[in-house]
Structures are given as structure tokens and as C-alpha cells.
1. Return the residue satisfying two criteria in turn: it lies in the stretch 56-102 and is in contact (Cβ under 8 Å) with a residue 60 or more places away in the chain, within 27 Å of the chain's Cα centre (by Cα) and within 18 Å of residue 156 (Cα to Cα), and of such residues it is surrounded by the most Cβ atoms within 10 Å (Cβ to Cβ).
2. Filter the stretch 328-347 for residues that are within 20 Å of residue 213 (Cα to Cα) and buried (at least 16 other Cβ atoms within 10 Å of the Cβ) and give the result.
3. Here are 267, 309: which of them is surrounded by 21 or more Cβ atoms within 10 Å (Cβ to Cβ) and in a helix (DSSP H, G or I)?
4. Of the residues that make up the stretch 315-336, is at least one in a helix (DSSP H, G or I), within 26 Å of residue 442 (Cβ to Cβ), among the β-branched types (Val, Ile, Thr) and not assigned by TED's automatic domain parsing to the domain that holds residue 23?
5. Given (1) surrounded by fewer than 21 Cβ atoms within 10 Å (Cβ to Cβ); (2) within 30 Å of residue 264 (Cα to Cα), where does residue 358 come up short, assuming only one miss?
6. Looking at 427, 402, which one is in the same structural domain as residue 296 (by TED's automatic domain parsing) and small (Gly, Ala, Ser)?
7. Is there a residue being out of contact with any Lys or Arg (no Cβ under 9 Å at 6 or more places or on another chain) and more than 30 Å from residue 254 (Cβ to Cβ) anywhere in the stretch 380-403?
8. Look at residue 302 and say whether it is in contact with a Phe, Trp or Tyr (Cβ under 8 Å, 6 or more places away or on another chain) and either closer than 28 Å to residue 427 by Cα or aromatic (Phe, Trp, Tyr) (or both).
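The values are calculated or read from the model by the stated rules, or taken from the named source; none is laboratory data. Computed from a prediction, not measured in an experiment: that's the story for all the values here. Backbone-built Cβ (ideal geometry, glycine too); neighbour counts: all protein chains shown.
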Amino acid sequence: MSFSNFFVSFIVGVVLARLLDPRDFGLIAMVTVFTSLFALIVNAGTGSGLVQKKEISQIDLSTVFFYNIGIGLLAMISLYCLAKPLSGFYEEPRLIRIIQVLSINPLIQSLSIVPMEIMNREIRIKERAIAQMIGQLGAAGLGVFLALSGYGVWALVFASIGSSSISMTLYWVQGKWIPSMAFSRASFKAIWSFSGKIFYSNMVDQIVQKVDTIIVVKLVNPTTLGFYEKGKNLGQLPAKQITSILTRSFFPIMSRLQTKPSEFVDFFQKNNRLISFCSISFYSALFILSDLLILCLYGYKWEGTIVFFQYAILIGMFYSLNAYRIYALNALGFPRLTLKRNIIFSAIKICAFSIVLTVGKTMFKAEWLLILLLIIVVLNFVWLSLDLRRIINVPIRDQWKSVYGYAILNALPLVLVWGLKYYTDFSNWVSLGLGGVVYFLALIVLLHVTKDEIWSGVKRKIRAQKFGYR
């Protein structure tokens, strides 16, 4: 179901990108920097507190509900009043109305939190996902209609509000919960003792994540910002899906193996090969076909996003490799190492971005920020590997063997696709299709010839399903 939501979101993004201009997306990106922070303040981790608490009462639910509504109203009023100052900061008068209209979103989101977390607590994940998907589809229909009608950036504004409103309504219908007129300070204090830690951590993380966008906003025009945000977000989409899979699949198993060192190491190494193969192969194909993907899916008006997309792809590849190592350390009971590393790299990132900001418009190039992010994510990969060597005694060479091994293995398919792109005269769509087929066929042949363990495992599964033996 999460893949379905991802697919719907991706298709909607493609359709709206073809109907609207990059400048429209740039204007929304300017506003999103601040609306996402207000959304985080509205939630404040209280939803997670409800899920984590062993037993919850009607008083607990009502307390969190009225707290969220109060914060939601305050956030809405604050964002509305900040519309003119933010517009002045960006030197973009059109943002005033956009921010004022979008200021209603924090209030809508505050109404969603308790019924949504009730479904999470009761593990009604499918119902929640369906509500999100219907919200996305409804918002997509509204956005496409307004875009076709010539409303420009307002198609994105009302699509955002429509998605939040429809999902919120469905959460209440499916949650089947009615609040009581009650508020308990003791109840809130107990929930905040857990949720407060999550809130502060998420707030720091969100601010650090948005620093690069704020810099790009200040130093380039909305069109370039649209290119930057589209390329960055596209490169991150697969990484987020892979991380979601890791959370659901590998983390619980590694947690159970934390008291069995040898079994933990075997499991880690086996799936390290799998994660390395999937990440490197998928992102390599995405990288070599990146220009064709952008031109075919989004059109030539989005050609400026290709360079940002390529850097984001490399960042996404290491992000996936890092996520697996982070979950391994957390499963072993070392979340403090993750927190320490995040604090250090956040400080490095802010300092590096501040230096870029001082360069100013005369020398600034938006891709510099993604290059810095790439360097930071590679350094993070090295640090995580060193932590794992110390904790589970797996040498760096053994951890990285599958990474550079699959990087070398993917070199030939990359060269073949590169030759196909630059020495043939096919249309973009034909080149994209042929390039994808050639890449993965060449990769399969190499896996078979080298008798790679990944390919051997696939063949065993096929034989088991087809013939009933291994």
C-alpha cells in the first residue's frame, strides 16, 4: 500500500509538472520551507506519544486533541501574519496571498493527528493508507482541473489544501472517535515526557534539511528553485521507499538478533550485499538515464532540473546504504551514536552552507549545495562503517566489498547504455526503453557469468516456486 501511495504521488507530480511551469513549483517551494516547520510544531510528537504509551484513556486522547487544535489555531494565525514579512524576505509579492491561503493547512493537520494515530495504534495501517490515497487522488483531480483552467500556482495551493482536507475527513470517519470536553495537565505532562524528545530532534533535523532550500531561495530566481527542488525530491523518492522497507523488514529481525552476535553478523553481511546490489544497480540505471527520464516525463521545459537530479541520485544511493547501517546500530541498542553523528554532521552542514551563502549571487551555483550534501553523506557512510567495525567486529574491507564489487559490476552496463544514447539517433522514449532493457539484461548476464550470490539466490527461488525444490 505504501508503494501505491508513492506511485500515485509520483504520477500526480508528473502530470502537474507538465501542465505548470517550474516557476510555479519554485513559488510553492518557498512557502513549503515554513509550512513544513509549522506542521512539525502542530504535531510536536504528541501523536507518537499516544502510540508509544502502553495504555491510553479518553482523557489522554481528548487532551492531545485540544492541545493540537490550540497549537493549530496559533500556527494558522502566525503564518497568516508572517505572510508580508516572508514575502519581503523573498522579494516576491505574489507570496502574500499564497501564504495566507496555505495558513489554513496547519489547522487542518491539527484536526487529523488524533484519529490518524488511533488507527496507527490499532495497526489499521491499510485504512490510513487508503485515506491518504483518496486524499491524493481527490487533490490530484482538483489540481489538474485548475491547472488546465489556467490557474497556475493556485492549482498547487488548492491541491495541497484539498489533500489535507479529504484525508482528515476520512481519518475521522474511519477512526470512529469523538472527543470529550476535557483537558488534563497531568495527562499532557506524561505524554510530553516522551513526545518532547521526538519534537526537539525532528525540529533540528527539519531545520537542517531546509537550510539549503532557504539559501537557494535567497540567491536564485523561482524558476531555478523549481528545478532544484524537483531534482532533489525526485532523487530522494526511491531512497525514502527503500528506507521504509528497511524499517518494516530488517529492523525487527536485527533487533531480535542483538543478543546473538554471530547470527547478527551473518544476517548483516548477507543483507548488506542485497542492499548494496539493489541500491547501486537501481541508482546507476537512474543516473545514466536521468536526462531521458526528465525529458520524457516532464518535457523540455524541465531540462534545467537534470543536473540537480543527477547529484540527488548519488546522494540517494549513499542515503540508502547509510540507512541500513543506522538501523543495524539502533537494533544493537546504540541510538546515541546516531544522535551524536547527526549533531556533528548537522553542524558541519550548516557551517558549509553558511560559507556558500557568503559567496553571494556572483559566484553561487545551486548545484554546489548538492555537492556538499554528497560529500557529507559519503563521510557519514565512512563513519557508520567505522562504528560497525568497532561494535560487531566486521572489517571495513568486508563491509565495503559488496559496495565496490557491485559498482565495478555495473560499469559495463553503464558503458553500453551510454554508447546507445550518444551513438544512436532514436527518439527520447525509444532510447529510454532500450536503455533500460539493455542495462538490466547486461547486468543479469554479468551476474550469471560471475556466479554472483544474488543471482544464485534468485535462481533457487525460481526453481523452488516452479518445480517445488531448491
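1. That would be 102.
2. Answer for the stretch 328-347, where residues must be within 20 Å of residue 213 (Cα to Cα) and buried (at least 16 other Cβ atoms within 10 Å of the Cβ): 342, 345, 346.
3. The conditions single out 309.
4. Among the residues of the stretch 315-336, at least one is in a helix (DSSP H, G or I), within 26 Å of residue 442 (Cβ to Cβ), among the β-branched types (Val, Ile, Thr) and not assigned by TED's automatic domain parsing to the domain that holds residue 23, which makes the answer yes.
5. (2)
6. Only one candidate qualifies: 402.
7. no
8. Spelling it out, residue 302 is indeed in contact with a Phe, Trp or Tyr (Cβ under 8 Å, 6 or more places away or on another chain) and either closer than 28 Å to residue 427 by Cα or aromatic (Phe, Trp, Tyr) (or both).
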